[in-house]
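First up is the structure itself, then whatever we jot down about it.
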Amino acid sequence: MRASGGAEVADIFRQHGPEYRQSHRLPRIHRRVMGAIEACRTSALGGHKDKCDSCSHIEIFYNSCRNRHCPKCQFLRKEQWIEARAEDLLPVRYFHVVFTLPAELKPLVLRNQKVLYGILFRSVSETLLELAQNPKHLGARIGFMGILHTWGQNLMDHPHIHCVVPGGGLSPDGSRWISSRKEFFIHVNVLSKLFKEKFRAYLKRSYDSGELFFPDDISHLKERYAFERLRRMLYHKKWVVYCKPPFNGAEGVFEYLSRYTHRIAISNNRILKVEDGKVSFLWRNYADNDNVKPMTLEASEFIRRFLLHVLPDGFVKIRYYGLLANKNRKGNIALCRELLGESKIETKHNDIPETWQELLLRVSGVDVTTCPVCKKGRLITVEILYPSQCHGPPRKHGHEL
């Protein structure tokens, strides 16, 4: 799903951000994210001036903001992360399981993101780990990765967790590998029931401990009877858990990881145009046979929806559980490979860290050190450009990933 308008989220923030910040009381993190995206790859962040050693052409590269919500700053970070994950893959079938919160929880979640996203991760992880250990389902210790997404295609809030789960695990005594059935080893109805029970229990615990906030239109939930009414209503709802078809081997897992792990709410290539105070972008309507169609919003509404998905400071959106938990991951992976009859995957480790230019060349074939004019010379850094102290719109030229 790709547009060709050439507009970017940064352009929207530069044009309409000042007015939006004036008319809305924003938390500091939202202002910081907007400022970082506006300044990304502009003179505001500094950079360096390169000169061709053959034709003397001058090229300027401005620094990236490296903010995890910036559409332009995910590519190389994603590639580095995926290469590190290659060491964790096992020669087994992998499943893709998605856990989604009911729509009725959205207002509460938006105002308590850190607490409730944490409860979401905890409920999902305990559901999978406990059911997998049950001999009725698998009877094994499993490991998996959970990835939080908070958006739908229309940029509205839609919190859900994608899990990448190997098809099997270690026996309780660690002496053998237990493979799952070709279908996922736990029925989605069983997953949904336990997931619901756990989330509702942890939600009540957070309410009782005073962790939750109830501002504005959810202030009525401060009253216990209103809160308990919400919990009862959630009990009677069907909580959506679904298991997609298994990945097509390691290649399928890598394709998924490369497309989804470092996604943000919207990529620049979905934006069609920004004009007359409105933003048009492409979205996929899953309720209409997955048709891709344009959507047009007021710029202020586009910004509001984008900011719904700014994560709390320090919140980790990709987490590992069970056999893949960070503490014992290497030893567990080595044991699983031994039991599966596969030796360790050999990976290349250089004593000298790659520069971003070398990594970009290796993964994309793009050599930004070759002169774009004469195509023969090499670009050599001749001057460091310090962050601009000027006011007004920053200049854009060149890039640094």
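Normalised by the number of residues in the chain, the average gap of Cα pairs under 8 Å and 6 or more apart makes the relative contact order 32 percent.
Per-residue Cβ neighbour counts within 10 Å put Arg319, Arg32 in the sequence Arg32, Arg319, beginning with the fewest.
Its residues counted as N, segment 17-58 yields a C-alpha radius of gyration over 2.2 N^0.38 Å of 1.87. Among Thr42, Thr127, the order by Cβ neighbours within 10 angstrom, fewest to most, reads Thr42, Thr127. Couplings 3J(HN,Hα) for segment 313-321, derived from phi with the Karplus relation 6.51 cos²θ - 1.76 cosθ + 1.60 (θ = phi - 60°), are 3, x, 6, 8, 9, 10, 10, 10, 9 Hz, where x marks Gly and Pro. If you wrap segment 142-206 in the convex hull of its Cα atoms and look at it from every side, the mean projected area works out to 6.6 nm².
Among the helices of the chain (complete DSSP H runs), which have Cα atoms covering no less than 20 Å along the helix axis and a Kyte-Doolittle mean of at least -0.5?
Details: long enough: 113-133 (30 Å, 0.48); 188-208 (30 Å, -0.58).
Once both thresholds are applied, what remains is 113-133.
Remark: relative contact order (segment 239-312) = 19 percent; criterion is Cα-Cα distance under 8 angstrom and separation of 6 or more residues. On the beta carbon distance between Thr355 and Tyr225, with R0 = 45 Å, the FRET formula returns roughly 0.15.
Backbone N atoms of segment 354-375 closer than 20 Å to the 7 Å Cα→Cβ label point of Glu251 belong to residues 363-365. Can you tally the net charge around Leu170? Count Lys and Arg as +1, Asp and Glu as -1, for every other residue whose Cβ sits under 14 Å from the Cβ of Leu170. So the environment of Leu170 carries a net charge of +2. Could you check how many percent of all C-alpha pairs in segment 7-102 are farther apart than 16 Å? Pairs farther apart than 16 Å: 72 percent.
Ordering Ser388, Ser43 from the fewest to the most neighbouring beta carbons within 10 Å gives Ser388, Ser43.
Among His96, His262, His24, whose mean-square fluctuation peaks in a Gaussian network model of the chain (Cα, cutoff 10 Å)? Maximum among the listed residues: His24. With the Kirkwood sum run over all distinct C-alpha pairs, the chain has a hydrodynamic radius of 23.9 Å.
Once the piece of chain linking Thr370 and Tyr386 is laid out straight, how much longer is it, given 0.36 nm per residue of separation minus the C-alpha distance between them?
Details: separation 16, 0.36 × 16 = 5.76 nm, distance 2.36 nm.
Between Thr370 and Tyr386, full extension yields 3.4 nm more.
Computed over segment 74-232, the alpha-carbon pair-distance distribution with 5 angstrom bins reads 2, 8, 15, 18, 16, 14, 12, 8, 5, 2, 0, 0, each value a whole percent.
Read the figures in this text as sums done on the coordinates, not as results from a lab. Since the structure is predicted, the reported quantities are computational estimates derived from the model, not experimental observations. We place every Cβ from the backbone using ideal geometry, glycine too, and count neighbours over all the protein chains shown.
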